[in-house]
Amino acid sequence: MPITSSIVNAADIRALLSSDPIFKKIHSAYGAPPDWQRPPGFVSLCRIILEQQVSLASARAHFDKLSAFVPAMTPEHLLSLTDEEMRHCQISRQKSRYLKALANAVVEGHLDLESLPDQPEDLIRAHLTRVPGIGGWTCDIYLMFCLQKKDILPLGDVAILSAVTSVTGLTSKEAISERSQLWKPLRTLASFYLWHAYLRSRNRPVIL
């Protein structure tokens, strides 16, 4: 299913920059953030699972090795892999369980990824979190990158919290959540700016 909208656009950037001075500061230093988009569906969700609690570069390397090993990144092909083959692709035992749980949910019809874009956010989260290994952070990233939902703030993301702390001095999730009320209904774009600042300030590569 093609992406029909973009989080990073001129009108929303103007609105966000006027909502809180921290974004003017980030924009002046680094410009607008990348337009982080990924196609919705099984492959992107697998990749997001691999990104849990590791660096994006490491997750990308593991994803590339896995996708090169199988004929195609489909649920059926993942389910056919042995534990040894998963280890060969540098997939941990835990991530292997999560990927196969996702593949099994799709194959058995418990999770219909094609129907998710048309559903309310709370139902999307309910469907996804029924799958072992998919929690709040994974849902947030899928909603943001793949479904282009505009008002998501992933407070479980270490980089987001670090970036907010560096520009505001706020340290608690509660205080950050309160500050984020200023950014509604554009908290996904706000998150993109915060990730952008985090990566650029550390000279880390942008991985789309």
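Structural remarks
- Inter-site label distance for residue 129 and residue 181 at 7 Å from Cα along Cβ, in nm: 2.3
- In straight-distance terms, cross-link reach from residue 100 covers every one of the lysines whose alpha-carbon lies under 19 Å from its own, apart from those fewer than eight places away in the same chain; here that gives 65.
- 116, 170 arranged by Cβ crowding within 10 Å, fewest neighbours leading: 170, 116
- Value of relative contact order over the chain, rounded to a whole percent, pairs C-alpha under 8 Å and six or more apart: 28
- Average Cα contact separation per residue, the stretch 25-115, under 8 Å, 6 or more apart, as relative contact order %: 28
- Hits among lysines - C-alpha to C-alpha of residue 173 under 30 Å, sequence gap 8 or more where chains match: 24, 25, 95, 149, 150, 184
- Sequence of 127, 196 once ranked by neighbouring C-beta atoms within 10 Å, starting from the fewest: 127, 196
- For residue 58 and residue 104, a Förster radius of 41 Å and the Cβ-Cβ distance give a FRET efficiency of 0.95, rounded to the nearest 0.05.
- Equivalent ellipsoid, the stretch 42-146 (semi-axes from 5 times Cα gyration tensor eigenvalues, Å): 22, 15, 11
- Basic side chains Lys and Arg get +1 at the Cβ, acidic Asp and Glu get -1 at the Cβ, and with that the dipole of the chain about its Cα centre reaches some 760 debye.
Readers should treat all values here as calculations from the given coordinates under stated rules, not as data from a laboratory. Quantities reported herein were computed from a predicted structural model and do not represent experimental measurements. Cβ: placed from backbone, ideal geometry, glycine included. Neighbour counts: every protein chain shown.
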